[in-house]
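Quick notes on the structure that follows.
The values are calculated or read from the model by the stated rules, or taken from the named source; none is laboratory data. Predicted, not measured: the structure shown is a model, and the values here were computed from it. Note that we place each Cβ from the backbone using ideal geometry, even for glycine, and neighbour counts take in every protein chain shown.
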Amino acid sequence: MLVAFNKPYRVLSQFTDESGRQTLSNFIDIKKIYSIGRLDYDSEGLMLLTDDGKLKNMLANPKHKVDKVYLVQVEGIAKKPELDQLRKGVNLKDGRAQAVKVKMLLKQPAFLWKREPPIRQRKNSPTSWVEITINEGRNRQVRRMMAHIDLPVLRLIRLSIGDYQLGNLSLGKHQIL
């Protein structure tokens with residue numbers, strides 16, 4: 001079984017939490033499935049869950065280099081020189097990280113849902129949107145890469161994992177694929 005889930009902001013990508021935070025169990029009532037990789041508590045978008053160990057390994061193991069596409073709202077205006085750094089690779093504390101693709105978006109995508117609570121926005125600080133593809137998946141990798149080029153992440157949404165797309169799956173909903 002393979003399940004796609006559109007994870008909301010401030011939901012843990014696990015089924016239990018001793019601190020009482022929202023988890024996958026608040027949204028998915030399917031037993032014996034496990035997340036393929038993780039998505040940070042403060043990130044949104046596509047999560048895949050399965051009961052198939054081989055599929056989980058194929059999609060999550062870094063040696064398979066599965067592309068993951070993220071939509072990122074950053075504080076500041078993304079410019080070509082900074083994005084070129086991501087394409088060439090940046091040195092993080094846990095080693096070199098390189099984007100497979102990076103593109104600047106001219107405006108916020110129309111399909112986006114409102115986030116609750118809304119992102120913090122400073123009156124005199126513009127924001128911009130970037131689409132970035134990576135094929136690793138280290139802890140908070142996209143956030144750390146963007147911080148390295150002085151573009152702090154305000155919002156991060158995963159759009160796809162390999163061939164699996166978020167598509168029009170509503171926020172907080174899941175679908176058996």
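Can you list the strands (runs of 3 or more DSSP E) lying wholly within the stretch 93-177 that have 1 or more residues being under 25 Å from residue 29 (Cα atoms)? Result: 153-161, 174-176. All but one of (1) more than 15 Å from the chain's Cα centre (by Cα); (2) in contact (Cβ under 8 Å) with a residue 12 or more places away in the chain hold for residue 155; state the number of the condition that does not hold. All conditions are met except number (1). Against the test of being of a type in the set (D, E, K, R) and in contact with a Phe, Trp or Tyr (Cβ under 9 Å, 6 or more places away or on another chain), the options 122, 115, 144, 140 yield a single qualifying residue, 115. Residues in the stretch 73-82 that are surrounded by 18 or more Cβ atoms within 10 Å (Cβ to Cβ) and touching a strand residue (DSSP E or B) at 6+ places or on another chain (Cβ under 8 Å): 73, 74, 75, 78. Scanning the stretch 44-66 for any residue that is within 15 Å of residue 138 (Cβ to Cβ), within 16 Å of the chain's Cα centre (by Cα) and assigned to a strand (DSSP E or B) turns up nothing.
In the stretch 158-177, the qualifying residues are those that are of a type in the set (S, T, N, Q) and surrounded by 12 or more Cβ atoms within 10 Å (Cβ to Cβ), and the one that is farthest from the chain's Cα centre (by Cα) is 175.
Based on this model, can you work out whether residue 18 counts as touching a residue at least 12 places away in the same chain (Cβ under 8 Å) and of a type in the set (D, E, K, R)? Against the criterion (touching a residue at least 12 places away in the same chain (Cβ under 8 Å) and of a type in the set (D, E, K, R)), residue 18 does not qualify.
Sort out which residues of the stretch 67-82 are more than 16 Å from the chain's Cα centre (by Cα) and assigned to a strand (DSSP E or B), and write them in order of number. Spell out the reasoning first.
Taking the stretch 67-82 and keeping what is more than 16 Å from the chain's Cα centre (by Cα), we get 75-82.
Matches in the stretch 67-82: 75 only.
Restricting attention to the stretch 1-43 and to residues that are closer than 25 Å to residue 62 by Cα and of a type in the set (D, E, K, R), the residue that is modelled with the lowest pLDDT turns out to be 38.
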